[in-house]
1. Mind counting lysine pairs for me in the chain? Cα separation below 16 Å, and the two need to be 8 or more apart along the chain or on different chains.
2. With springs only between Cα atoms under 10 Å, which of Val134, Val61, Val40 fluctuates most in a Gaussian network model of the chain?
3. 222 nm [θ] for the chain, helices only, -39500 (n - 2.57) per DSSP H run of 4+, per residue, to 500?
4. Residues with amide H under 5 Å of Leu85's amide H, sequence separation 5 or more or different chain, H placed in the peptide plane at 1.01 Å from N; which?
5. If you build a Gaussian network model of the chain, linking Cα atoms that sit under 10 Å apart, which residue out of Glu104, Glu147, Glu112 swings the most?
6. May I ask you to derive the FRET efficiency for Arg157 and Val114 from their Cβ-Cβ distance with R0 = 45 Å, giving the value to the nearest 0.05?
7. Quick one: which of 86-99, 4-17, 64-77, 116-129 comes out on top by average Cβ neighbours within 10 Å, and what's the full order, highest first?
8. Measure nothing but the geometry: give the 0 to 90° angle between the long axis through the Cα atoms of 90-123 and the longest principal axis through the Cα atoms of the chain, rounded to 10°.
Amino acid sequence: MQIHAMREYAFKRGWTIVAQIKEVGSGAAQRELREALIAVARRREVDVVLVWRLDRWGRSVADLVSTLQELQHLGVGFVSLTEALDLTTPAGRAMAGLLAVFAEFEREILRERVRAGLDHARQQGKRLGRPPSVAHQAAHARKLFREGISKSEIARRLRIGRTSVRRLLAQKKS
């Protein structure tokens, strides 16, 4: 049904179909056929990309906006049939601008939520950041240091950085 409707639309507009892509799969997976189509657009082999719905092209607003901006930069039109979004017209390009604004808004909201979550975790006393990678070797490092082995040699034997050794030994003092 979708392919038939898009073929009919292309025929009415007088367009020649040079490629037809039907991609089936998860949104999380790499979309190789879409990437191939973008590569074709980069080679200037197509003038317009026609999709059934926007969600068939982009899985997130940010992804959608970035690929639409690239197509626009390449001079390739973009038409979404069911949303009546035609970026080959001035009204369609204005709509693309609005999409960009909403994508930025979405990123800002996500950024604020992440910051709020981190602040909340800190208030709960949770330690943030990467866990110490050498904490399990602290006792061994201290034992070697008490035996008179240099920090550089301890680092070599334990296969960790000298800074990590110094940090481990300084923790014992505090």
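Values in this text are rule-based calculations from the coordinates and carry no lab data. This is a predicted model, so every value here is computed, not measured. Every residue, glycine among them, receives a Cβ derived from its backbone with ideal geometry; neighbour counts consider all protein chains shown.
1. Numbers: Lys143/Lys151; Lys143/Lys172; Lys143/Lys173; Lys151/Lys172; Lys151/Lys173.
Total qualifying Lys-Lys pairs in the chain comes to 5.
2. So, out of Val134, Val61, Val40, the one fluctuating most is Val134.
3. Values: 8 runs with 104 residues, N = 174.
My calculation for the chain gives -19000 deg cm²/dmol from helical runs alone.
4. The answer is Ser80.
5. Glu147
6. Working: r = 40 Å, r/R0 = 0.88.
Here the calculated transfer efficiency is 0.70.
7. Numbers: 86-99: 14.8, 4-17: 11.9, 64-77: 16.9, 116-129: 8.9.
The most tightly packed comes first, giving 64-77, 86-99, 4-17, 116-129.
8. 20 degrees
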